[in-house]
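The next block holds one structure in the form of structure tokens; read it before the comments.
Please treat every number below as a calculation from the coordinates, not as lab data. On a predicted model such as this, the values are computed, not experimentally measured, just so you know. Quick reminder, even Gly has a Cβ in these numbers, built from the backbone with ideal geometry, and neighbours come from all protein chains shown.
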Amino acid sequence: MTKITILDGGMGRELERSGAPFRQPEWSALALIEAPETVARVHEGYIRAGAQVITTNSYALVPFHIGEERFRSDGLRLADLAGRMARQAADAAPGVRVAGSLPPVFGSYQPDLFRADVAQDYLSVLVGGLAPHVDLWLAETQSSLEEASAAAAAAKPTGKPLWLSFTLRDDVEPEDMPHPQLRSGQSVADAARLALALGAEAMLFNCSRPEVMGVALAAAHEAALGLPLGVYANAFDDSQDDDGAANETVSTIRADLDPPHYCGWARHWADKGATIIGGCCGIGTEHIHHLATYLDQSDNT
């Protein structure tokens, strides 16, 4: 019988809701730059809600969001600040761990933009700033095997545990795609085998519709038996596969994923073997409180 580990929820929308500076293209990085105290408050809010792992606000600290010039001049300092904000919040709540967010450095959902020759340069800045403060690495919203491999390579010298989280094709219904795929078109089964080969301590799926997570969990379980699995879905109205400029707009949030309904999906994922569950874009503190209250209290069998 395995206890569920509760993650936090999305950072950007929670910052926006709190009144923090928030816009594209900077997204969640803008609050870190202009009002870092608001980032600390969001971390603290998720911990109060019941999150056992909080994620650094470093997802948007890449040239795609803050520009090449600012990244070169301030990237390391901002990554260090993001790490310190999360660490301070976690240290005030015994038992809470900090996950260092390693994002897709060329933009979410755009595996075609990946450049192996540049990825390590960008990732090394994030790793250098975050490493002193984090307990583990969370390479998240990885759209391809190549993105995940680059993140793993960047994190490996630190010796800290790695969780790999992939984003899924969610532009078709699960019954119409029996073999689930990453946004690159590569298979979830191959991603699970890669996670094992890279020594990841957990494999997760994030920033995709709740409806596609169950089949992905089943495929990952079959391909990598014994690897801990997790889910943190988004609440976007539409599939991001339909929008090549996903990071340039603020997507609308669906109305049917209130905390009780999201928790219903979480129970389904737990039944499918997920032992790490939280939320991504549009999933806030109320959702995490609901998960911590109604999901973490029952064991996953």
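A few remarks follow.
- Table column - 3J(HN,Hα) (Hz), segment 225-230, Karplus curve with 6.51, -1.76, 1.60, x for Gly and Pro: 4, x, 6, x, 10, x
- Rounded if a/c under 1.5, otherwise prolate or oblate - segment 93-132, Cα gyration tensor axes: oblate
- About the Cα centre, charge dipole magnitude for the chain (Lys/Arg +1, Asp/Glu -1 at Cβ), debye: 1000
- Shown is the FRET efficiency for E37 and E286, computed with R0 = 25 Å from the Cβ-Cβ distance and rounded to the nearest 0.05: 0.70.
- Average Cα contact separation per residue, segment 5-294, under 8 Å, 6 or more apart, as relative contact order %: 20
- Report note on the peptides 57-68, 88-99, 149-160: ranked by the mean count of other C-beta atoms within 10 Å, highest first, their order is 57-68, 149-160, 88-99.
- Ordering V62, C207, Q88 by Cα displacement along the dipole of the chain toward the positive end leaves Q88 in first place; charges were set at the Cβ atoms of Lys, Arg (+1) and Asp, Glu (-1).
- Segment 118-212 - charge dipole about Cα centre, Lys and Arg +1 at Cβ, Asp and Glu -1, debye rounded to 20: 420
- Packing here is the average count of other Cβ atoms within 10 Å per residue, and on that basis the peptides 116-125, 11-20, highest first, run 11-20, 116-125.
- Sequence-distant residues sharing a close amide H with Y232 (under 5 Å, placed H): F205, N206, C207, G278
- Highest-MSF residue in the chain out of W163, W265, W137 [GNM, Cα springs under 10 Å]: W265
- In whole percents, the pair-distance distribution calculated for segment 5-294 from its alpha-carbon pairs, binned every 5 Å from zero, is 1, 6, 14, 18, 21, 19, 13, 6, 1, 0.
- Full extension of the segment from R72 to A116, taken as 0.36 nm per residue of separation minus the current Cα-Cα distance, would add 14.0 nm.
- The chain, helix-only ellipticity at 222 nm - DSSP H runs n ≥ 4, -39,500 (n - 2.57), divided by all residues, nearest 500: -12500 deg cm²/dmol
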